[in-house]
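Q: Supplied in structure tokens, the structure appears directly below.
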Amino acid sequence: MVDAEQFDKPGIMFIAAHQDDAEGVAGGLFAKLNENADIRGRVACFTDGRVGHYRVKYLKHPDRLTAVRDNEAAKAAAVYGFDYQRLVDDAGEPFKDARLEVNWKTRGAAWKAIRDFQPDLIITLPVNDPVDPYGMHNDHTNVGEIVRRTAYLIPAPLTFPEYYPAGFADNLNEDDQLVYVKPPIIVTAHDPYSGKIQPDIVISLTEDELDKKVEAWEAHISQWREWLPWVARYDPPADTGSLKQSLIDRSNRLAKSLPVKSERGGIYESFTITKWALRVPEIGEIKKYFPGDILDYEFAEKKIAELSQ
């Protein structure tokens, strides 16, 4: 049985490869939605995060790094009133960082997480173009593909029976019906690992929304202060102000790929509408979940019309 009351609020779910993926690409949207609507929110992460550091102590005790990163992700999600979940396979085993594959175990984990939370909107990373000149991260490339190839089967309750709890069916009558889960809207967020984007929605953040995004990103200390500067060989941000500037710089790079006039300014996040799960959103739904599209929903309406043919 399902407690219907837990789904009386719209559900927003971000399905990520790593603990720090969500806030950088959709943290401003989370802030908008948390401010303007009564919602349920969840960040679901696939991998154990054990690649994202360089210290010997994490080589010797990789579980410690997983614990650090899970704790950071939970704190970041809480900034928006969201919760955090790390996905595991049908045996309760984690998916390894840098080794995320598209297979029945990862698809089953996504299927279970989506059916358990019953989101109205899923945001994930894009399925990258293999000819994209940008270097592609294996896990980022695959997480979008996992969601895409799982989406059609979200309503189908017999798809991955391995992911039901042991003994789940023992007390059910044979004529009972399993839960129907409505397919959600699914969009992809622009990923800095991918250079080629064709956004359908572009939102501009207010100063308060940007500050919330900075606050959430700041929770990922092991990443912005330690790992990312180390692996990319740059000086880490010295304080909150310079961390904020790094997100502004990221937005400025994004803006060069967007159909917006450069003189307009602003801090942007962009999204692409999909037909995954055979679910084409209505324009009213897009306006509800993506308030203040600076493209005035012209691109979104065009995309919805194309997907509806």
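The values are calculated or read from the model by the stated rules, or taken from the named source; none is laboratory data. Keep in mind it's a predicted model, so treat the numbers as computed, not measured. Cβ sites come from the backbone with ideal geometry, for glycine too, and all protein chains shown count toward neighbours. These accessible areas exclude ligands, DNA and RNA; they are computed on the full protein's heavy atoms, side chains included. Shrake-Rupley method; radii C 1.70, N 1.55, O 1.52, S 1.80 Å.
Q: Solvent-accessible area of Met136, probe 1.4 Å, all protein chains present, reported in Å² to the nearest ten, please.
A: Solvent-accessible area, nearest 10 Å²: 80 Å².
Q: Ok, one more. Taking the Cα centre of the chain as origin and charging only Cβ (+1 Lys, Arg; -1 Asp, Glu), how large is the dipole, in debye to the nearest 20? Before the final figure, lay out the partial values.
A: On the way: 38 positive and 50 negative charges, 191 e Å.
Charge dipole of the chain: 920 debye, to the nearest 20.
Q: Another one. Return the subset of Lys32/Lys213; Lys112/Lys212; Lys32/Lys288; Lys213/Lys275; Lys9/Lys112; Lys75/Lys244 for which the Cα-Cα distance in this structure is over 22 Å, preserving the input order. The partial results should precede the final answer.
A: Working: Lys32/Lys213 10 Å; Lys112/Lys212 30 Å; Lys32/Lys288 11 Å; Lys213/Lys275 28 Å; Lys9/Lys112 20 Å; Lys75/Lys244 18 Å.
The pairs that break the limit, which is 22 Å between Cα atoms, are Lys112/Lys212; Lys213/Lys275.
Q: Given the alpha-carbon gyration tensor of the chain, what are the semi-axes of its equivalent ellipsoid in whole angstrom, ordered largest first, with each equal to the square root of 5 times an eigenvalue?
A: With the √(5λ) rule applied to the chain, the semi-axes are 30, 26, 18 Å.
Q: While we're on this one: Where the Cα atoms of segment 175-309 are projected onto their three principal axes, how long is each span, largest first, in whole Å?
A: For segment 175-309, the Cα extents along the three principal axes come out at 58, 47, 28 Å.
Q: Would you calculate the convex hull of the Cα atoms in segment 17-105 and tell me its volume per residue in Å³? Working shown, then result.
A: Details: hull volume 9.7 nm³, N = 89.
That works out to 109 Å³ per residue.
Q: Label-point separation (nm) for Ile221 and Leu307, each offset 7 Å from Cα along Cα-to-Cβ?
A: Going by the 7 Å Cα→Cβ label model, 4.0 nm.
Q: While we're on this one: Counting alpha carbon pairs within less than 8 Å and at least 6 residues apart, what relative contact order, in whole percent, applies to the chain?
A: Details: 510 pairs, mean separation 67.6, N = 309.
In percent, rounded to a whole number, it is 22.
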